[in-house]
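A short worksheet on the structure shown next.
Please treat every number below as a calculation from the coordinates, not as lab data. What you see is a predicted model; the values in this text were computed from it and never measured. Every residue, glycine among them, receives a Cβ derived from its backbone with ideal geometry; neighbour counts consider all protein chains shown.
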């Protein structure tokens, strides 16, 4: 991603507000000059770069499942009329960010610092509001030369500031004063709007609305006690003031109080992150001490974390014993079945691991993490047709999941079905926004030599669609220069 030429714009878009600045009229979500379809394509382009080049991108199906479920609950409560994708960044800093098109990133540090599920949900609700209210496009809507690269730069700025806030700040110092002041005031007011909309969404979704102000206060306390005065990442991109905290408190006080019990997955995800960070032996010692001294919110999650850490350390029998203890506590979650299958496999019982995954898929039909693991198990066992059947059902349910098509491509390749393998891989690339790669795969499918007339006709029709789509995007890109 070519970020250097955009530094000034990036910094202006992200800079925190200044006291006493007059607030402009914001308008509504429909006032942006860029269409939602273009926003989505820009978001897909940024995500493609992030997946390919950012080592912090954390492709973990279990955590992804949890965030998707939590995010979906918020999106439905907010009656959003667009697709959202929630993803994880392996980064210990406390941050989250939204990009055009409904892509919301969450740092592992944010999950770790959230004491309750409502706190985490409050941050996601705020980010969802940034997207549904189309803040990025609206921020630039008064520019006389509104073009796609400007919105793409704004989206990239959030990723850039996540890793290099020092350069973003340096860029701001060289920006034109009038442009800076305009962007600053919009930034501050958009934050307030996202707070208001996010709080309403939090209430509609059944979470504790007091969590938003509690989370803001926690960040401010962390800043005050910090030895080096370093701002948490979330405060860099989402400046929190005393007024915003008070406003969130007042609005929450006017809403009916609703106690929210954390889901087992929330505690299990936090335990999983702890178990997989640092040295495995240190993680084992930490969880053993927590279990022995009963320093935990959830015993099941603590023992799950211990089982995961023991597996990392190669202590398989002890890990299996901890899995059995978690089962005895009566907690049901697909994350427990997945660690149980990993433990069984590590013990050399591949068949037993497959049986656990098959049972888990029947019990948790909407868990993609379980599905991915079960399909991989079927592939390893040479049960390609069974894997294809499972994937066919899943693709009908999740037609935009590129990973499902990648698994389908791998399965077809193992069965020697070359045309079908290239066709499936082409769809995976298309869903990831890489049209040239998708077109190349479909061309290879035509040349595979093992397709019938009907299959070739389907490939040809899809090729025409993708080439037409590529022509439109190329034309738009040229017009936006």
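Based on the Cα gyration tensor of the range 361-405, what are the three equivalent ellipsoid semi-axes, each the root of five times an eigenvalue, rounded to whole Å and given largest first?
Square roots of five times the eigenvalues give 16, 12, 9 Å.
Note the full-extension length gain between residue 415 and residue 329 as 0.36 nm times their separation in residues minus their Cα-Cα distance, in nm to one decimal.
That works out to 26.7 nm of additional length.
Rounded to the nearest 0.05, what FRET efficiency do residue 457 and residue 242 give with R0 = 41 Å and r taken as the Cβ-Cβ distance? Could you check?
Computed FRET efficiency for residue 457 and residue 242 comes out at 0.05.
Of 199, 273, how do they rank once you tally other Cβ atoms within 10 Å and put the fewest first?
So the ranking, lowest neighbour count to highest, is 273, 199.
Mind grabbing the base-10 log of I(q)/I(0) for the range 264-479 at q = 0.08, 0.09, 0.14 Å⁻¹? Debye formula, identical points on the C-alpha positions, no solvent, two decimal places.
-0.41, -0.50, -0.88
Roughly speaking, what is the stretch gain from residue 476 to residue 81, that is 0.36 nm per residue apart minus the C-alpha to C-alpha distance, in nm to one decimal?
Gain on stretching residue 476 to residue 81: 139.8 nm.
Rank-order 452-458, 421-427 by packing density, defined as the average count of other C-beta atoms within 10 Å over each peptide's residues, highest first.
Output ranking for 452-458, 421-427: 421-427, 452-458.
Just grab the label-to-label distance for residue 258 and residue 293, each label 7 Å out from Cα along the Cβ direction, in nm (one decimal).
3.7
Please work out the C-alpha center-to-center distance from the range 47-99 to the range 259-328 and express it in whole Å.
So the separation of the two Cα centres works out to 24 Å.
Can you put 88, 106 in order, fewest other beta carbons within 10 Å first? Walk me through the numbers before you get to the answer.
Working: 88 22, 106 25.
Placing the least packed residue first, the sequence is 88, 106.
First obtain the Kirkwood hydrodynamic radius of the range 335-453 from its Cα pairs, then insert it into the Stokes-Einstein equation at 25 °C and 0.890 mPa s, and state the resulting D in µm² per second as a whole number. Walk me through the intermediate numbers first.
Numbers: Rh = 15.0 Å.
Translational diffusion coefficient: 164 µm²/s.
Please arrange 345, 221, 327 by counting, for each residue, the other beta carbons lying within 10 Å of its beta carbon, fewest first.
Ordered from fewest to most neighbouring Cβ atoms within 10 Å, 345, 221, 327 come out as 221, 327, 345.
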